[in-house]
Amino acid sequence: MTWHLMTKLTVKDGERALLTRNGRLERVLAPGKHRLFDLRNELVAGVYNVVGTEFPADRYAVIKAARPDLAAELFEAVETKANEIAIVSLDGRPAQVMTPWQLRVYWKVVTAVTVERIDVAEQPRVTAQHLAMIQPNRAGVITEAVIENHEAGLLTVEGKLVERLAPGRHAFWIAGRKIEVKRLDLRPQVLEITAQEMLTKDRIALRVTLTAFRRIVDPEKVVASVPDVDAWLYRLVQFAIREAVAGRTLDEVLSAKAALDDELRAYVRERVAESGVEVTELGVKDVILPGEIRELVNKVVEAERVAKANLIRRQEETAATRSLLNTAKLMEENPLLLRLKELESLERLVEKVGRIDLHAGDGQGLDALLTRLVRLKAPESA
């Protein structure tokens, strides 16, 4: 504001007025009523709120050069260096987090200004106390990561692996640096290798799907050697199955599945041994044949089953015939056994007939009747 001749100026509590004459700082007006005489129209007063507020840094530089005593009395200048974080508190309450190479000026005439400086090069981790202090102003200043019990956390600073983090919550200062926390799942993972068309040794096209179980055993090696574990392992298994199928006929692929699985596991494990990844299981899940080939295979399988059934039936018939022959020889050599067989035949015959009338004839007994009723052997001629 500008005055002419004489004027009155009231400065309230929590304010200060900077009085300049011809652009040069003359004095600072405290709260109260002031009478100012300006006969030549040379005075200008700037009124500022001084309760927990900042002062323009460029204006502070001018005042410090002209009146260093006033600058030291009125202001607290906070300037950060390289790799330095400053937490500015006003009346004991954290108010501002300053990153490297910043300058801020605060009024300190009614507000207590305290500054805590942190060298992030020497102290990269954020303590729990500092984390609570900068809760509202953490964006762009810190990075956080929570490592689960089944995970491994790898900390890299400017692209260099620094340490492996234990499970828990971790926070780091990122001012002026690139910090990254990579989380790797250490639990066994299932990888499905989808069907791909390939040719067997006898030039038959087929598609094979596989299932692999893998887990990370050395996270540091994995990060250093493999950009994407699943994509890399996927391609490796594809190469392995293509090479294995190309050296076998269709019959060998279908009949020697266990040998094929063993060959695939050996091939893959040999190549992942130095990568920090362990393949616990790997095997063929499905073999998909073209429609016409599948029909032919089904016919062959059906024919084999029919032939096997016929062979079993002939074997059973042969065994039954051999058993009858052995029984006949026994009855020929043992008349008593033959008699028992006759009685058994009679019993079965009687079971199927409702009524039977037997006539032994004159002078003939029951023994003669039974003897003549069933004959398995013709009577010998006299």
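Some observations on this one:
- Filter result for the condition that a residue is without any contact (Cβ under 8 Å) to a residue 40 or more places away in the chain, surrounded by 14 or more Cβ atoms within 10 Å (Cβ to Cβ) and not assigned by TED's automatic domain parsing to the domain that holds R177, over V78, V44: V78
Yes or no, residue by residue, for (1) out of contact with any Leu (no Cβ under 7 Å at 6 or more places or on another chain); (2) assigned to a strand (DSSP E or B); (3) surrounded by 16 or more Cβ atoms within 10 Å (Cβ to Cβ):
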| position | (1), (2), (3) |
| --- | --- |
| L191 | no, yes, yes |
| E197 | yes, yes, no |
| K201 | yes, no, no |
| V223 | no, no, yes |
| D230 | no, no, no |
| A240 | no, no, yes |
| V253 | no, no, yes |
| Y267 | yes, no, yes |
| E274 | yes, no, no |
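- Candidates R187, R242, R271, R215 - the one that is over 30 Å from Q123 (Cα atoms), among the charged types (D, E, K, R) and touching a His at 6+ places or on another chain (Cβ under 8 Å): R187
- Residue check, A319 at pLDDT 70 or above, among the small types (G, A, S) and over 30 Å from S255 (Cβ atoms): yes
- Some residue of region 212-228 being without any contact (Cβ under 8 Å) to a residue 12 or more places away in the chain and within 19 Å of the chain's Cα centre (by Cα): yes
- Within region 193-211, the set of residues being among the charged types (D, E, K, R) and either touching a residue at least 60 places away in the same chain (Cβ under 8 Å) or in contact with an Asp or Glu (Cβ under 9 Å, 6 or more places away or on another chain) (or both) comprises K201, D202, R207.
- Residue in region 99-108 that is loosely packed, with under 13 Cβ neighbours inside 10 Å and not hydrophobic (A, V, I, L, M, F, W, C) present: no
- Residues in region 120-170 that are of a type in the set (D, E, K, R) and either more than 23 Å from the chain's Cα centre (by Cα) or over 30 Å from G92 (Cβ atoms) (or both): E122, R125, R138, E148, E151, E158, K160, E163, R164.
- For R203, the conditions (1) under 30 Å from L282 (Cβ atoms); (2) at pLDDT 90 or above all hold with the exception of (2).
- For A95: the one exception among (1) in a strand (DSSP E or B); (2) over 30 Å from V126 (Cα atoms); (3) in contact (Cβ under 8 Å) with a residue 40 or more places away in the chain: (2)
- Applying the condition of being closer than 21 Å to P31 by Cβ and surrounded by 15 or more Cβ atoms within 10 Å (Cβ to Cβ) to region 61-75 and asking which residue is farthest from the chain's Cα centre (by Cα) yields R67.
- Selection status of A259, under 30 Å from V120 (Cα atoms), in a helix (DSSP H, G or I) and not assigned by TED's automatic domain parsing to the domain that holds L165: no
- Residue ID - nearest to I87 (Cα to Cα), chosen from residues in region 113-158 that are part of a strand (DSSP E or B) and acidic (D, E): E116
- Hits in region 6-62 (condition: under 19 Å from R104 (Cα atoms) and β-branched (V, I, T)): V50, V51, T53, V62
- Of the criteria (1) part of a helix (DSSP H, G or I); (2) surrounded by fewer than 18 Cβ atoms within 10 Å (Cβ to Cβ), which one T211 fails: (1)
- Test result for I216, surrounded by 15 or more Cβ atoms within 10 Å (Cβ to Cβ), more than 30 Å from D91 (Cβ to Cβ) and outside the structural domain of K285 (by TED's automatic domain parsing): no
- Residue that is nearest to R16 (Cα to Cα), among those in region 34-77 that are part of a helix (DSSP H, G or I) and among the acidic types (D, E): E73
The values are calculated or read from the model by the stated rules, or taken from the named source; none is laboratory data. As the structure is a prediction and not an experimental result, all values here were calculated from the model. Reconstructed Cβ throughout: ideal geometry from the backbone, glycine too, with neighbour counts over all protein chains shown.
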